[in-house]
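The values are calculated or read from the model by the stated rules, or taken from the named source; none is laboratory data. The structure presented is a predicted model; accordingly, all values stated were derived computationally and were not measured. So basically every Cβ, Gly included, is an ideal-geometry build from the backbone, and we count neighbours across all protein chains shown.
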Amino acid sequence: MSQKTCIVTGIGPGLGSAYARRFTAGGYRVALLGRTRATLDRYAAELPGSLPVVCDVGDAASVETAFAQVRAELGDASVVIQNAGSGVFKGFLDTTAEELQTTIDVNIGGLFHVAKQALPSMVAGGGGSLIVTGATAAWRGSPKTAAFAAGKGGQRWLAQALAKEFAPQGVHVSYIIVDGLVDMPRTRGWMPNRTDAEFVAPDAVADMAWFLAHQSPGSWTFELDARPAPERW
């Protein structure tokens, strides 16, 4: 039997690479999508059988080209993880219209473009899983998250609409709410006094994605939330 294919967008030092490692370990060939060639090549060197593909999820043509390359080299993907995102964290009066548009283009537009490419082959093949990385801002707005909350909130509603439309066709669409700072060098630098337990563990979130991708159709989950134990919520 040929290996299954998984596509992960937003490859980087946090969740993106963790998702890729988990599905590689589980026997998938993984397509690594991101905007920076050097970053993709670095992770591809660590993951046997992976395929690095430059892609900007906010650009429909870029997503179409990337998926075409994956199909040609690895085949249709049975699991797609839309992890790429964009955020602006500043006061509303300091947030520009351009920053709002970028947040919408990447978070909502990114899911829209990726789903347009991922879902047809899943429907034709009788099943598949589209998993989206969300955030606390998808649930509620708070100070300095006006643009981010608009983008992630819209993304969550889009994911839910897709889940309801495509479940009868055998496609499982799900959403992971990440409630807390993901453990990676950049966030460690922001919060040097935090303990290990106060960060979201990328490998643990990747295990959640694996669980979602392999659930029985008799008990599908739309949304899971991931937070470190000390996080106030």
LEU47 vs. criteria within 25 Å of GLY134 (Cβ to Cβ), surrounded by 23 or more Cβ atoms within 10 Å (Cβ to Cβ) and aliphatic (A, V, I, L, M): no
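Residues are listed down the side, and each one gets a yes or a no for (1) closer than 21 Å to LEU119 by Cβ; (2) free of Cβ contacts under 8 Å to residues at least 60 places away in the same chain; (3) of a type in the set (Lys, Arg):
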residue: ALA163; (1), (2), (3): yes, yes, no
residue: PHE166; (1), (2), (3): yes, yes, no
residue: ILE177; (1), (2), (3): no, yes, no
residue: ALA204; (1), (2), (3): no, yes, no
residue: ALA213; (1), (2), (3): yes, no, no
residue: TRP220; (1), (2), (3): yes, yes, no
From the options VAL57, VAL63, residue that is of a type in the set (Val, Ile, Thr) and outside any helix (DSSP H, G or I): VAL57
Selection count, region 167-200, where residues are buried (at least 19 other Cβ atoms within 10 Å of the Cβ) and part of a helix (DSSP H, G or I): 0
Total residues in region 1-19, condition closer than 23 Å to GLY189 by Cβ, among the hydrophobic types (A, V, I, L, M, F, W, C) and either out of contact with any Asp or Glu (no Cβ under 9 Å at 6 or more places or on another chain) or assigned to a loop (DSSP other than H, G, I, E, B) (or both): 2
Looking only at region 160-206, and only at residues there that are aromatic (Phe, Trp, Tyr) and over 16 Å from THR136 (Cα atoms), the one that is modelled with the lowest pLDDT: TRP190
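For region 106-128: of the residues being outside any helix (DSSP H, G or I) and surrounded by fewer than 23 Cβ atoms within 10 Å (Cβ to Cβ), which is modelled with the lowest pLDDT?
Ranking the candidates gives GLY126 first.
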Where ALA161 falls short, out of the listed (1) of a type outside the set (Ser, Thr, Tyr); (2) within 16 Å of GLU223 (Cβ to Cβ); (3) surrounded by 13 or more Cβ atoms within 10 Å (Cβ to Cβ): (3)
Near pairs, Cβ below 8 angstrom, 6+ apart or cross-chain, from region 52-74 (in contact (Cβ under 8 Å) with a residue 24 or more places away in the chain) to any residue that is in a loop (DSSP other than H, G, I, E, B) and polar (S, T, N, Q): GLY58/SER86
